[in-house]
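Working notes, structure below.
Just so it is clear, none of the values below were taken in a lab; they were calculated from the coordinates. Model, not experiment: these values are computed from the prediction. Here the Cβ is made from the backbone with ideal geometry for all residues, glycine too, and neighbour counts use every protein chain on show.
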Amino acid sequence: MEKITFDVKNFGGLEEIQKISLQHGTPCYIYSQSLLEKNFQAYAQHSSNELICVAIKANSNPVLLNLLGEKGAGADVVSGGELRRALDAGIDAQKIVFSGVGKTAKEIAYAIDQQIYSINVESEQELEQIAKIANEKKQTARVSFRLNPNVDAKTHPKIATGMYENKFGIDEESVFAMYEKSSKQKYVEPVGIHFHLGSQIFSRSPYEKALSEAFKLIEKINAQGFTIEFLNVGGGVGLREASDDEHIQAIEEHMQSIRNALQGKNIRLLLEPGRSIFGNAGLLLSKVLYTKKNQKKEFVIIDAGMNDYMRPALYEAKVNAFVLGKENSPKRTIDLVGPVCESTDTFGKDMELSECEPGDLIALSHVGAYGYSMSSQYNLRPRPSEHMWDGERFVILREPTIET
Ligand code: LLP
């Protein structure tokens, strides 16, 4: 991801950013309320009966979730903790779906108690567990089945989910059998079909294939006299080398093509976008601590590390780094590294960065998704603070935290 344009004004502008860095220190995440809301709107506009369940694993900050909830967002959750977070942030239980291959009995019981919109079932044994708990409670569990359509989404292998070698979902034949079986259960109500192909997907063809698989299955289920209330097509678009406006356009095009495919089918559309909602709406602000060189390399050492943003270390993700206020200075080829005691604590190798010196602020842009939510206290470093620019001022979301 290089050459992506990044507009500092969406994050308060240089002066305000300098102020917040002095008041609260670095590293810190800064979010843009306007970009966040625009991204959500791009999914939600035109939708009368659609449900956008934001994948809160991408970012579970309660203030951001509350803002999205007020705009009508539901939530895709993958643990009891995320379910509680979504409810605490004011998201309506009737707009929450629960995914994941390993839900515990306690988590299932909690989801049933809260009467969430749907539990996305990922195995036959899980269905039995849900039926048992729902029977004990004498309370109906609404379920959907996660189809594994065996489609190659052509994304990074670590974030692909829609093929048989992945642990996710259930093959078509088994979903059909389980749909029928569950419809005979007194306290289980089968209501939907789900798939999620993976994350960072740019091509339409995996969706076309998965949609056609899903429609075939739905027809077979309908032929047995069962109705299907909704089809959940999983995550959203990838984050590409594009401006914020081009990003919005990509979301709109994706929505349009899915709506076209569903036209005339009388089935509710659900989506679970995460990365494309939060990604460009968040940056990680850090400070240059030192620079140094040897016979081979020049290093810029910043105060943000892999514990604050681990995607480069985990998935070789590229970052976009900007020396704030020095964007037009001559460039040098450097390795951008953090302070954590591991060589993989590297944000970029041989990257072009404006000349900088200790104390300069460096922004890593497009890190609002899977940034803070995957941060850790490795090396006993505090988690970074989080702030949001609401267009006029900074809202302090969270101070740096450390639990020892
Ligand atoms: N729905 C389900 C069932 C999911 O598992 C995911 C992401 C999403 C929706 C959201 O997908 P998105 O719209 O964000 O592409 N930590 C990795 C990404 C893991 C994605 C896991 N599932 C990363 O930083 O790239």
**Asked** When averaged across all projection directions, what area in nm² does the alpha-carbon convex hull of the stretch 280-349 cover?
**Response** 5.3 nm²
**Request:** Can you tell me the relative contact order of the chain? Whole percent, Cα pairs under 8 Å, sequence separation 6 or more.
**Result:** 20 percent
**Message:** Using only the alpha-carbon atoms, how far is helix 172-183 inclined from the longest principal axis of the chain? Give it as 0 to 90 degrees, nearest 10.
**Reply:** 60 degrees
**Asked** Which GluC sites (Glu not before Pro) in the stretch 148-244 pass both tests, a DSSP loop state and at most 11 other beta-carbon atoms within 10 Å?
**Response** GLU165
**Item:** Whole-Å distance, taken between Cα centres, linking the stretch 1-60 and the stretch 178-228
**Value:** 33 Å
**Message:** Starting from 0.36 nm per residue, how many nanometres of slack lie between SER343 and SER47 once their C-alpha separation is accounted for?
**Reply:** 101.9 nm
**Request:** Using only C-alpha positions, report the orientation-averaged shadow area of the convex hull of the stretch 194-275, nm², one decimal.
**Result:** 5.3 nm²
**Message:** Only counting other Cβ atoms within 10 Å, I'd like LEU285, LEU361 sorted with the fewest neighbours first.
**Reply:** LEU361, LEU285
**Asked** Stokes-Einstein D for the stretch 247-305 at 20 °C, 1.002 mPa s, Kirkwood Rh over Cα pairs, in µm²/s?
**Response** 134 µm²/s
**Request:** Among the chymotrypsin sites (Phe, Trp or Tyr not before Pro) in the stretch 80-175, which ones are in a DSSP loop with at most 15 other Cβ atoms within 10 Å of the Cβ? Mind listing them?
**Result:** TYR164
**Request:** Would you mind ranking LYS209, LYS71 by Cβ crowding within 10 Å, fewest neighbours first?
**Result:** LYS71, LYS209
**Message:** From Cα pairs below 8 angstrom and at least 6 apart in sequence, can you work out the relative contact order of the stretch 255-354, rounded to a whole percent?
**Reply:** 23 percent
**Complete:** Over all pairs of different Cα atoms in the chain, the reciprocal of the mean inverse distance gives a Kirkwood radius in Å of 22.2 Å
**Request:** Quote the relative contact order of the stretch 75-224 in percent (integer), defining contacts as alpha-carbon pairs under 8 Å separated by 6+ residues.
**Result:** 20 percent
**Asked** Got a sec? How would HIS24, HIS194 order by Cβ neighbour count within 10 Å, fewest to most?
**Response** HIS24, HIS194
**Prompt:** On full extension of the chain, what length is gained from ARG259 through SER174, given 0.36 nm per residue of separation minus the C-alpha to C-alpha distance?
**Reply:** 27.9 nm
**Complete:** With Cα springs under 10 Å, the Gaussian network model of the chain assigns the largest mean-square fluctuation among ASN148, ASN135, ASN39 to ASN135
**Asked** Based on the alpha-carbon gyration tensor of the stretch 285-395 and its eigenvalue square roots a ≥ b ≥ c, which shape applies: rounded if a/c is under 1.5, prolate if not and a/b is larger than b/c, or oblate?
**Response** oblate
**Fill in**
Cα extents of the stretch 26-73 per principal axis, largest first, Å, are 42, 19, 15
**Cα-based shape type of the stretch 351-394, given that a ≥ b ≥ c are square roots of the gyration tensor eigenvalues and the cut on a/c is 1.5** = oblate
**Request:** Report P(r) for the stretch 176-317: all Cα-Cα distances, bin width 10 Å, range 0 to the bin holding the largest distance, values in whole percent.
**Result:** 9, 29, 24, 18, 12, 6, 3, 0
**Item:** Rounded FRET efficiency, nearest 0.05, which uses the C-beta distance separating ILE396 from GLN224 and R0 of 45 Å
**Value:** 0.25
**Message:** Using only the Cα atoms of the stretch 11-141, what semi-axes does the equivalent ellipsoid have when each is the square root of 5 times a gyration tensor eigenvalue? Give whole Å, largest first.
**Reply:** 35, 17, 11
**Asked** When the helix-only estimate is applied to the chain (DSSP H runs of n ≥ 4, each -39,500 (n - 2.57), divided by the residue count), what is the mean residue ellipticity at 222 nm, nearest 500 deg cm²/dmol?
**Response** -9500 deg cm²/dmol
**Message:** With both bridge residues required to lie in the chain, what share of the DSSP beta bridges run antiparallel, to the nearest 5%?
**Reply:** 45 percent
**Residue-span extension gain [SER34 to LYS19] - 0.36 nm each, minus C-alpha spacing** = 3.4 nm
**Item:** the stretch 83-222: mean projected area of Cα convex hull, nm²
**Value:** 8.7 nm²
**Prompt:** Which pairs in the list LYS137/LYS265; LYS158/LYS292; LYS95/LYS265 are over 23 Å apart, alpha-carbon to alpha-carbon?
**Reply:** LYS137/LYS265; LYS158/LYS292
